[in-house]
2 protein chains.
Amino acid sequence: MATTDQLLDCSDPLVNPGPRVDVRVVLFTVSAGRLLVALQEQGTCRALPLGSPSPAESLDAAGTRLLADHVGIAERYLEQLYSISHCSEDQWTVTVTYLALAFAGDAGPSLNTAAWCDVGSLPEMDSVDRKIFDYALLRLRAKLGYTTIAFHLLPPSFSLSDLQIIYEAVLDREVDKRNFRRSIHAAGVLEGTGLTRREGSHRPAGLYRFRAGHNAETYLTPSWASSTEEGVRNP
Amino acid sequence: MATTDQLLDCSDPLVNPGPRVDVRVVLFTVSAGRLLVALQEQGTCRALPLGSPSPAESLDAAGTRLLADHVGIAERYLEQLYSISHCSEDQWTVTVTYLALAFAGDAGPSLNTAAWCDVGSLPEMDSVDRKIFDYALLRLRAKLGYTTIAFHLLPPSFSLSDLQIIYEAVLDREVDKRNFRRSIHAAGVLEGTGLTRREGSHRPAGLYRFRAGHNAETYLTPSWASSTEEGVRNP
DNA sequence: GCAAAAGTGTTGTGTATACACCCATGG
DNA sequence: CCATGGGTGTATACACAACACTTTTGC
């Protein structure tokens with residue numbers, strides 16, 4: 001059906017006996033109220049950080065290693081999203097995609113081989129990577145509503161306003177302060193440190209941390225690792 | 001670190017330059033009020049139906065083809081679950097797993113190379129396949145609560161009691177008839193065929209079908225294919 | 001005293017749950 | 001007339017959205 005002479009045909013089993021497998025990570029952070037994603041330079045386009053898994057490690061471990069090596073980030077959260085099969089440059093590839101979250105200081109964390117890009121004004125990207133990114137953002141926004149992953153975008157101690165800024169940056173819309181604080185308190189995952197933070201000519205903000213034992217996030221979509229031990233909770 | 005002499009070491013890149021990729025499907029059906037899963041004979045254990053993807057097709061297409069070829073089922077629903085990396089028999093393998101649903105008649109649909117097993121009394125299974133199965137069942141049960149996938153376990157025309165039996169079989173618990181019917185009607189995805197079905201010494205059951213235009217299920221976890229077109233709905 | 005962010009309550013509206021009886025039919 | 005499954009309504013509790021003002025501080 002396809003002509004194998006003029007260019008390599010990645011659907012020809014003689015040319016490609018098995019697919020290449022790679023792992024790509026969509027790493028988000030929030031800095032100064034803006035949602036950012038880590039992208040690597042790749043010619044004219046930008047691309048998602050990617051790597052190859054090795055036989056001795058799980059795919060999750062490959063994602064973690066990828067972030068540590070290429071991005072220089074100790075990620076706070078890593079979740080597998082989806083796997084796709086595609087042909088790029090006559091190379092049959094199966095790509096396993098991940099969503100990752102990291103805390104960024106005010107200046108943003110430094111990256112090794114990647115750079116932070118504002119999600120509101122993305123550069124040109126490879127079309128496959130662009131679809132992966134769109135899906136990752138869709139999942140991240142949906143999960144904010146029924147999980148506690150937002151905390152992974154914050155330092156260990158934070159104010160409720162800090163947390164609200166995370167929600168507003170990811171969702172790209174304002175949220176009501178009173179309803180927001182009520183729902184956070186009702187979730188029961190925070191405990192006050194006795195401390196406050198004074199940083200301007202206004203009332204100091206109370207600081208909070210996670211409650212120990214609630215670091216196990218209440219995900220409706222449980223992780224693979226936890227699926228055999230505990231069931232789904234209906235909170 | 002590992003001794004490569006006495007047995008093949010699947011973590012040695014010289015032995016295995018890249019992983020094998022396979023696709024495994026957890027196919028459920030409900031027959032006579034029992035939740036069943038399709039398993040293949042494999043020596044002493046049973047195993048999930050599996051196949052290899054080809055470069056020209058998507059992974060989803062590979063799953064569909066796998067069901068059509070090996071199982072003889074035209075599945076009604078197929079959803080990717082998770083991908084894992086594992087070593088079995090010194091073969092490094094990346095497995096992409098799928099959840100599938102099919103309608104079974106009263107006798108259950110016939111299978112080519114697989115057999116239906118009652119989920120309540122499963123035979124011995126390969127440990128990797130067992131974990132995949134556990135995860136699939138966990139996801140299926142969770143998704144019943146906020147999606148319409150249950151309809152894929154029914155023929156085109158069905159009674160509300162038929163539908164309730166599906167829910168009870170999958171969830172393995174009774175549900176309240178009035179609340180169930182109210183929530184189904186409120187979802188607005190059904191329309192009555194004018195028909196009824198008489199099949200015993202009792203009042204005949206009204207028959208329903210999907211409303212056209214609502215075959216696009218309201219998934220909180222949107223499929224990969226739809227992620228770039230439409231956002232997440234909050235019903 | 002004023003600017004600036006922190007913090008706090010009430011009300012309505014919709015949604016989920018618990019619960020018991022009459023209806024139509026076949027035998 | 002009776003056994004069987006089909007079909008219906010109401011009261012209550014809880015979750016969520018809309019909405020405005022007082023408090024504490026730095027300058």
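Just counting partner chain Cβ atoms within 10 Å, what average do the residues of peptide B:17-29 show around their Cβ? If you can, show how the numbers build up before the last one.
Numbers: counts 2, 9, 9, 4, 8, 0, 2, 0, 0, 0, 0, 0, 0.
Taking all residues of B:17-29 together, the mean is 3.
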Query raised in the report: Applying the Karplus parametrisation 6.51 cos²θ - 1.76 cosθ + 1.60 with θ = phi - 60° to the phi angles of the stretch A:28-40, what ³J(HN,Hα) value in whole Hz is obtained for each residue in order, glycine and proline being reported as x?
Result: 9, 8, 10, 9, 6, x, 10, 7, 10, 10, 8, 10, 9
Query raised in the report: When the C-alpha atoms of the stretch B:85-145 are aligned to their principal axes, what extent does each axis show, in angstrom, from largest down?
Result: 42, 31, 20
Query raised in the report: Which net charge results for the neighbourhood of A:Leu190, defined as the other residues with beta-carbon distances under 11 angstrom from its beta-carbon, given Lys and Arg at +1 and Asp and Glu at -1?
Result: +2
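Work out the mean other chain Cβ neighbour count within 10 Å for the residues of B:48-57 and drop it here as an integer.
Working: counts 0, 0, 0, 0, 2, 5, 6, 17, 9, 2.
For this peptide, the per-residue mean of nearby foreign Cβ atoms is 4.
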Query - Kirkwood Rh and Cα Rg combined as Rg over Rh, evaluated for the stretch B:144-212 - result: 0.94
Query - Cross-link partners of A:Lys177 among lysines (Cα-Cα below 21 Å; sequence separation of 8 or more within a chain) - result: A:Lys143
Query raised in the report: Short version: what are the Cα gyration tensor semi-axes of the stretch A:31-116, square root of 5 times each eigenvalue, largest first, in whole Å?
Result: 23, 16, 12
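Over the stretch A:11-167, what relative contact order in percent results from Cα pairs under 8 Å that are six or more residues apart?
On the way: 270 pairs, mean separation 45.0, N = 157.
Relative contact order here is 29 percent.
Using the reciprocal of the averaged 1/r over all distinct C-alpha pairs, how large is the Kirkwood radius of the stretch B:114-183 in Å? Write down the numbers at each step before the final one.
Values: mean 1/r = 0.0728 Å⁻¹.
Taking the inverse mean of 1/r over all distinct Cα pairs, the stretch B:114-183 comes out at 13.7 Å.
In a shell of Cβ-Cβ distance under 12 Å around A:Val25, excluding A:Val25 itself, what net charge do Lys and Arg (+1) and Asp and Glu (-1) give? Walk me through the intermediate numbers first.
Working: positive: A:Arg24, A:Arg65; negative: A:Asp22, A:Asp60, A:Asp69, A:Glu75, A:Glu79, A:Asp129.
Here the charged neighbours net out to -4.
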Requested in this report: May I ask you to derive the FRET efficiency for B:Arg65 and A:Ala187 from their Cβ-Cβ distance with R0 = 41 Å, giving the value to the nearest 0.05?
Outcome: 0.40
Requested in this report: Work out how far the C-alpha atoms of the stretch B:48-171 reach from end to end along every principal axis, then list the three figures in whole Å, largest first.
Outcome: 49, 30, 28
Query raised in the report: Hey, how many Å between the Cα centroid of the stretch A:125-203 and the Cα centroid of the stretch B:113-143?
Result: 36
**Report entry** Sorted by Cβ neighbour density within 10 Å, fewest at the top, the residues B:Lys131, A:Lys177, A:Lys143
**Finding:** A:Lys177, B:Lys131, A:Lys143
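Working out 0.36 nm times the residue gap between A:Ala212 and A:Glu124, then minus their Cα-Cα distance, what length gain in nm do you get to one decimal? Intermediate values should be presented prior to the final figure.
Working: separation 88, 0.36 × 88 = 31.68 nm, distance 4.20 nm.
Taking A:Ala212 through A:Glu124 to full extension adds about 27.5 nm, to one decimal.
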Report summary line: Averaged over the residues of A:124-136, the number of partner chain Cβ atoms within 10 Å of each residue's own Cβ comes to 1
Query raised in the report: Taking a label point 7 Å from the Cα of B:Ser157 along the Cα→Cβ vector, which residues of the stretch B:175-215 have an amide N closer than 17 Å to it?
Result: B:190-200, B:204-212
Requested in this report: Quick one: with label points 7 Å out along Cα→Cβ, list the inter-copy distances for B:Asp126 in nm, shortest first?
Outcome: 3.0
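None of the figures in this text is laboratory data; all of them are computed from the coordinates on show. Everything quoted here is computed from the prediction, not taken from an experiment. Methodologically, a virtual Cβ is constructed for each residue, glycine included, from the backbone with ideal geometry; neighbour enumeration extends over all protein chains shown.
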